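The values are calculated or read from the model by the stated rules, or taken from the named source; none is laboratory data. From a predicted model like this one, the values you see are computed outputs, not experimental measurements. All Cβ positions, glycine included, derive from the backbone under ideal geometry; neighbour counts span all protein chains shown. Protein only, heavy atoms only, side chains kept; ligands, DNA and RNA dropped before computing areas. Shrake-Rupley method; radii C 1.70, N 1.55, O 1.52, S 1.80 Å.
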Amino acid sequence: MKSMILVAERKLADCIRPPTHDGVLEASGVIAKGADYYVIFDNVRQIARIHRSLEPGSTRHSWFGRRREGEGYEDIAFSRYTRRFYLLIEAEKHPDGSYKALIDECDESAQYQRRRWVDVAFEKRNTGFEGLSAVRWRGRDYLLALCEGNRCRAGRAGRKPGGGRIHLLERSGPLWKPVARLKLPKSVQFEDYSAVALRGRRIAVLSQRSSRLWIGMLRFGEWSIADKGKTYEFPRTKKGHIKYRTLEGLCWLTDRSFVCVSDLSKRSYTKRCRKTDQSIHVFKLPRGSAT
């Protein structure tokens, strides 16, 4: 399996001051727009705007919009057609007793617009949708919502590889309703799924636990995956140990490069994983890989 190549990396706290007393920045999603990266977090419901230079302490980095109540967001998407940011809340208790995701919308000046429930029920609050990407097809706007667990399940069942699932969502009044469900190839042997990103027909899916990236082709209209695609590892140590255990956000930059962000390491993780957590990273595909 070929390995991704690290191009640039920076701790987020070097770019922007954490708004919490503990100084933690649990990054969970990122998009690239203009000269900036827009980053969201699990532990604060606010967007950070990081200039692509990643220069430490630069005044070009800032918080974008006001802080809202709540724990944080799981992912961020932007549509150049609707000119809206879409901010994913993984799952909360719904009036019907189940757990469902919520999606906040704000405009390009960070002004909050509205919130919609996603009409998909989950078993648990902390195992719902983990990734979000905007897509337009024949004049209609959709969102791709990636389940964190295999077969959209929680617990042990959700960690059994080979069951990656993505829901295609369409607005319907006060809701986002699922209109199709995409199955990733069974050859995508990921323990979990943390981000999804589109570039044309190319779809990329990130796994935090497996520390891998899968790239395939999307069939528009049929809403299915066209091929087995290809899987890449993120850089390992010389002995093959995982260094990037907390990668969550993902966005295409070019046909061969991506920006990612990383969450806070768990206490059980090694020191090498803590060195790469709470950061923003730019990776590129290895030479000779298919584009």
For the chain, the charge dipole (Cβ of Lys, Arg +1; Cβ of Asp, Glu -1; about the Cα centre) points to a positive end, and the Cα of Ile40, Trp252, Leu168 closest to that extreme belongs to Trp252
What residues qualify as long-range amide H neighbours of Glu248, i.e. H under 5 Å apart, gap of 5 or more or another chain, H built at 1.01 Å from N? Val261, Ser262, Asp263
Taking the full set of protein chains and a 1.4 angstrom probe, give the accessible area of Lys93 in square angstrom, rounded to the nearest 10. 120
For the chain, give the share of DSSP beta bridges that are antiparallel, in percent and rounded to the nearest 5; count only bridges with both residues there. 95
So with the 1.4 Å probe, I'd like the accessible area per residue for the chain, rounded to whole Å². 46
My understanding is that a pair violates if its Cα-Cα distance is over 18 Å; which of Lys230/Lys284; Lys238/Lys271; Lys160/Lys186; Lys186/Lys238; Lys2/Lys183 do that in this structure? Lys186/Lys238; Lys2/Lys183
Only helices counted: for the chain, with every DSSP H run of 4 or more residues adding -39500 (n - 2.57) and the sum spread over all residues, [θ] at 222 nm is -500 deg cm²/dmol
A correct Karplus calculation of ³J(HN,Hα) over segment 103-112, with 6.51 cos²θ - 1.76 cosθ + 1.60, θ = phi - 60°, whole Hz and x for Gly and Pro, returns 10, 8, 10, 9, 8, 6, 9, 6, 7, 4
In whole Hz, what ³J(HN,Hα) sequence does segment 273-279 give by Karplus (6.51, -1.76, 1.60; θ = phi - 60°), x for Gly and Pro? 6, 5, 5, 10, 7, 6, 9
Checking Arg212, Arg52, Arg156 against a Gaussian network model of the chain (alpha-carbon springs below 10 Å), the top fluctuating residue turns out to be Arg156
Sorted by chain and number, the residues with a modelled amide H under 5 Å from that of Lys243, at a separation of 5 or more or across chains, are Thr237
Report the residue, chosen from Glu55, Glu222, Glu92, that carries the largest GNM mean-square fluctuation when the chain is represented by alpha-carbon nodes joined by springs under 10 Å. Glu222
GNM result for the chain, Cα springs below 10 Å: residue of Lys11, Lys124, Lys238 fluctuating most strongly: Lys238
On a 1.4 Å probe surface of the protein chains, which of Thr246, Thr270, Thr127 comes out largest in accessible area, and what is the full order? Thr270, Thr127, Thr246
Please give the FRET efficiency for Lys271 paired with Met1, using the beta carbon to beta carbon distance and R0 = 22 Å, rounded to the nearest 0.05. 0.35
The cysteines in the chain that find no other cysteine Cβ closer than 4.7 Å to their own Cβ are Cys15, Cys106, Cys251, Cys260, Cys273
